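See structure below.
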Amino acid sequence: MAAVIETKNLAVAFGEDGSAETIFHHLNISIEAGEFVTLVGVSGAGKSTLLRVISDLIHPLEGGIEINTPQVPSRRPIAMVFQAANLMPWRTIGENIQLGLEGIEVSDDEKKKRIQSTLDLVGLADVADRWPYQLSGGQRQRIGIARALAVEPDILLMDEPFGALDAITRTGLQDELLRIWAETKKSILFVTHDIEEAVYLGDRVLLLGGKPAEIVQDYSITLDRSKRREGQEFLQQVEMVKTGLHEAIAMTNSGK
Amino acid sequence: MKSSNRYLSSFAGLVGFLLFWEVLARSGIMEAHLLPPPSTIPPVLISEFKLGIWQAMAWASLRHYSIGFFIGSILGVTLGVSVALSPRIEAGQAWLARMLRPIPPLAWIPFAIIWFGISETAAAFIISIGIFWINYFTAMSAVQAVDRDLIEVARAFGHRGFFALLRKVILPAAAPGILAGLRAGLGQGWMTVVAAELFGIEGIGQRMMEASGLLATDVVILYMFSIALLYGISDFIFVTIQGRILAWQR
Ligand SMILES: Nc1ncnc2c1ncn2[C@@H]1O[C@H](COP(=O)(O)OP(=O)(O)OP(=O)(O)O)[C@@H](O)[C@H]1O
Ligand SMILES: [Mg+2]
């Protein structure tokens, strides 16, 4: 299988000429086509920054990123679900979802269809004509997910998309996401603070730690997904990642 | 407060004020030629209206005002937005704007007359200056305050060019601020319109000067009310349009 995302010795820094703060020095990750990869790490480690670099919102100081996706005029190769929903308040919900469809080859009919089907997916079928302020925070977050799905991306970058949701909605959306993933063969890079969620969803769990940050652990989760909500094996895997995270925190702090 | 109660209170406030004024003038506490009672105004209006003076003056002022408003607003918003978008232009204007801004519009009267003569253009020029500055600064800060996260979202979804970002994010996000500036300019314009006409350009201001020379204080008051009325109408129209454009705000 070919890698859809591959970074080579990625270096990223903020500040004038990158002098202020080095976030990554030699970061290497590789994500295979169709893989579901979850990314965990302490707050401030650089998870959001990594997603931004992959979606070409920040330019790396050094190193490169290779993205291998087919070019399809009616789709965008990469879409991002942001940590805060960031809907445009002057657009209706439908128009917000439409944002990414403007500028690619999608007919008006097809636009309407995609808006409705993604709204159905996130369980908000009849809000297309409302304004963002008329939705709750969690509902807005789900619109952010619909907006990303609407462009039918090959690569879906998700930054703590379910962080603001209650347990039941979250569980429902996790399973919905797994279903979409299985159906459409997307490659997904999913950031979360919830280790159980990371182990539940991922083929692999990447642990980002250190300063500058690197991938300090790369856990393969081989357990069958039907056995992942509970049970001894699942809990063991969760425990393993938690231990790794604590070690990473200790390492980051001593490295300062 | 319920809105019907609110209207009632506003109405009562206005009527109370007029009654108080009427009593003041009639009781002789204020001499009638210094402060004519409001009840004398409607007959004056009718006579000015029959002579066609009121219409001519209101129309002339409205013309100066509209031209000044459009020129001042368009230039102010365009330049304000440009300054906010370009660090170089921003730096270029910093001292210049600080130097020119405190000069009141009326201080430009001598130059307005030297450049344009006693003409409509001169009046419109003076009116446009105050409106320009208001729009310049509000448009500038409205654009500077645009949420960076929304720009990032637009870029992430493929809208990366300058004009795409301007159209899809910057202008809509800055619209509430820009519209507030336009509305402030709408009021500021009426304040300068009279002053701009005091030196002989046809309009409400000129008529007021004439009347005060003849101690026709009731005519002066009529035109003071006329300005209030014209402002009230223009503001009402503006707020209606503004409400439509900003329907997305809670
Ligand atoms: N635009 C920026 N300018 C300067 N520093 C930044 C900028 N964006 C992020 N940083 C810094 O980069 C580091 C990584 O930030 P990032 O948002 O990627 O963390 P994160 O892992 O997503 O954290 P969290 O889990 O809290 O979301 C932080 O130390 C942050 O202060
Ligand atoms: Mg983050």
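Residue B:132 fulfils the conditions (1) surrounded by 17 or more Cβ atoms within 10 Å (Cβ to Cβ); (2) more than 30 Å from residue B:60 (Cβ to Cβ) except for a single criterion, (2). Filtered by the rule that a residue be charged (D, E, K, R) and under 23 Å from residue B:182 (Cα atoms), region B:81-117 gives B:90, B:98, B:101. Restricting the search to region A:7-33, which residues are within 12 Å of ligand 1 (Cβ to nearest atom) and open to solvent by 10 Å² or more (accessible area, probe 1.4 Å)? Of everything in region A:7-33, those that are within 12 Å of ligand 1 (Cβ to nearest atom) and open to solvent by 10 Å² or more (accessible area, probe 1.4 Å) turn out to be A:13, A:14, A:15, A:16, A:18, A:19, A:20, A:21, A:22, A:23. Looking only at region B:81-91, decide whether some residue is surrounded by 15 or more Cβ atoms within 10 Å (Cβ to Cβ) and of a type in the set (Gly, Ala, Ser). The answer is yes; a qualifying residue exists.
Give the number of residues within region A:34-49 that are touching a Lys or Arg at 6+ places or on another chain (Cβ under 7 Å) and either open to solvent by less than 10 Å² (accessible area, probe 1.4 Å) or within 12 Å of ligand 1 (Cβ to nearest atom) (or both). The total comes to 3.
Between A:75, A:52, A:91, the distinction of being within 11 Å of ligand 1 (Cβ to nearest atom), within 12 Å of chain B (Cβ to nearest Cβ) and surrounded by 17 or more Cβ atoms within 10 Å (Cβ to Cβ) belongs to A:52 only.
All conditions but one from (1) of a type outside the set (Ser, Thr, Tyr); (2) open to solvent by 40 Å² or more (accessible area, probe 1.4 Å); (3) not in a helix (DSSP H, G or I) apply to residue A:188; the one that does not is (2). Within region A:55-62, identify whether any single residue is crowded, with 16+ Cβ neighbours inside 10 Å, within 14 Å of another protein chain (Cβ to nearest Cβ), touching a residue at least 12 places away in the same chain (Cβ under 8 Å) and of a type in the set (Val, Ile, Thr), and answer yes or no. Within region A:55-62, one or more residues are crowded, with 16+ Cβ neighbours inside 10 Å, within 14 Å of another protein chain (Cβ to nearest Cβ), touching a residue at least 12 places away in the same chain (Cβ under 8 Å) and of a type in the set (Val, Ile, Thr). Counting the residues of region A:19-51 that are free of Cβ contacts under 8 Å to residues at least 24 places away in the same chain and of a type outside the set (S, T, N, Q) gives 3.
Region A:46-155 holds helices (runs of 4 or more DSSP H) entirely within its bounds, and those carrying 2 or more residues that are within 16 Å of ligand 2 (Cβ to nearest atom) map to A:47-54, A:137-150.
Of the residues making up region A:147-162, at least one is of a type outside the set (D, E, K, R), open to solvent by 10 Å² or more (accessible area, probe 1.4 Å) and within 14 Å of another protein chain (Cβ to nearest Cβ). Contact map, region A:157-181: first residue more than 16 Å from ligand 1 (Cβ to nearest atom), second residue open to solvent by 40 Å² or more (accessible area, probe 1.4 Å) and of a type in the set (A, V, I, L, M, F, W, C), Cβ cut-off under 8 Å, separation 6 or more or different chains; pairs are A:176/A:121; A:180/A:121. Residues in region B:217-235 that are surrounded by fewer than 17 Cβ atoms within 10 Å (Cβ to Cβ) and of a type in the set (Gly, Ala, Ser) were compared, and the one that is nearest to residue B:43 (Cα to Cα) is B:228. Take residue B:184 and decide whether it is more than 13 Å from every other protein chain (Cβ to nearest Cβ), out of contact with any Phe, Trp or Tyr (no Cβ under 6 Å at 6 or more places or on another chain) and either crowded, with 18+ Cβ neighbours inside 10 Å or under 30 Å from residue B:224 (Cβ atoms) (or both). Against the criterion (more than 13 Å from every other protein chain (Cβ to nearest Cβ), out of contact with any Phe, Trp or Tyr (no Cβ under 6 Å at 6 or more places or on another chain) and either crowded, with 18+ Cβ neighbours inside 10 Å or under 30 Å from residue B:224 (Cβ atoms) (or both)), residue B:184 qualifies.
If you go through region A:225-243 and pick out every residue that is assigned to a loop (DSSP other than H, G, I, E, B) and either of a type in the set (Phe, Trp, Tyr) or under 22 Å from the mean Cα position of the chain (by Cα) (or both), you end up with 2.
To keep it simple, each residue is scored yes or no on (1) in contact with a Phe, Trp or Tyr (Cβ under 7 Å, 6 or more places away or on another chain); (2) without any contact (Cβ under 8 Å) to a residue 40 or more places away in the chain.
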{"residue": "B:147", "(1), (2)": "no, yes"}
{"residue": "B:157", "(1), (2)": "no, yes"}
{"residue": "B:164", "(1), (2)": "no, yes"}
{"residue": "B:172", "(1), (2)": "yes, yes"}
{"residue": "B:188", "(1), (2)": "no, no"}
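Taken together, the residues in region A:197-241 that are open to solvent by 70 Å² or more (accessible area, probe 1.4 Å) and touching a residue at least 40 places away in the same chain (Cβ under 8 Å) amount to 2. Checked against the criteria, residue B:112 counts as out of contact with any Gly (no Cβ under 9 Å at 6 or more places or on another chain), surrounded by 12 or more Cβ atoms within 10 Å (Cβ to Cβ) and assigned to a helix (DSSP H, G or I).
A single member of B:148, B:207 is within 13 Å of another protein chain (Cβ to nearest Cβ) and open to solvent by 40 Å² or more (accessible area, probe 1.4 Å), and it is B:148. Total residues in region A:118-144 satisfying the condition of being within 13 Å of another protein chain (Cβ to nearest Cβ) and among the hydrophobic types (A, V, I, L, M, F, W, C): the figure is 3. From the set of residues in region A:94-122 that are out of contact with any helix residue (DSSP H, G or I) (no Cβ under 7 Å at 6 or more places or on another chain) and of a type in the set (Gly, Ala, Ser), which is surrounded by the fewest Cβ atoms within 10 Å (Cβ to Cβ)? Among residues in region A:94-122 that are out of contact with any helix residue (DSSP H, G or I) (no Cβ under 7 Å at 6 or more places or on another chain) and of a type in the set (Gly, Ala, Ser), the one surrounded by the fewest Cβ atoms within 10 Å (Cβ to Cβ) is A:107. Residue B:74 meets each of the listed conditions (1) at pLDDT below 95; (2) under 23 Å from the mean Cα position of the chain (by Cα); (3) surrounded by 13 or more Cβ atoms within 10 Å (Cβ to Cβ) apart from (1).
The values are calculated or read from the model by the stated rules, or taken from the named source; none is laboratory data. Note that this is a predicted model, so its numbers are computed, not measured. So basically every Cβ, Gly included, is an ideal-geometry build from the backbone, and we count neighbours across all protein chains shown. To get the accessible areas, we keep the full protein, side chains included, count just its heavy atoms, and leave off ligands, DNA and RNA. Shrake-Rupley method; radii C 1.70, N 1.55, O 1.52, S 1.80 Å.
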